[in-house]
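**Q** Mind having a look at this structure? Questions to follow.
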């Protein structure tokens, strides 16, 4: 019976001794002090946040002279430039899209960047969302949105195009 009583006292006595030693060694604070240099190094490794470009300053004269609504219908309609998505870069350090606007050489744009009244809003794995004068639109990878700004297409050589309906029938 004495062995059983000694065994019952041994477990709490061992736990109490371990707790006392841990408290004398510094307890919770000892672990926090040991991790402080590692946490500082971890904070130094985080990539910097991208700087948000400042909105361009517009004077009252600029605001009054610019149209409120873009003309998208009728004879005075302004065609939107063609938007082509050539590539996408999604990583922790960079989110950008390789975009060609109006048939120009493609360039890397980050969300918020604007070119020719087109603003890149969002970049996804295989598409982008752009804000154009006629509204928000999606462009898929390899797709061209809109029509390239070029002169009227010439008829193919040798045929001269179709004759008008009022022309006499060919013999």
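The values are calculated or read from the model by the stated rules, or taken from the named source; none is laboratory data. The structure displayed is predicted, hence computed values, not measured ones. When we count neighbours, we look across all protein chains shown, and the Cβ atoms used for this are built from the backbone with ideal geometry, even at glycine.
**Q** Which ranges mark the strands (runs of 3 or more DSSP E) fully within the stretch 101-162 that have 1 or more residues being modelled with pLDDT under 90?
**A** Qualifying strands (runs of 3 or more DSSP E): 118-123, 127-132, 135-140.
**Q** Does residue 56 satisfy the criteria of being part of a loop (DSSP other than H, G, I, E, B) and either exposed (fewer than 10 other Cβ atoms within 10 Å of the Cβ) or modelled with pLDDT of 75 or more (or both)?
**A** yes
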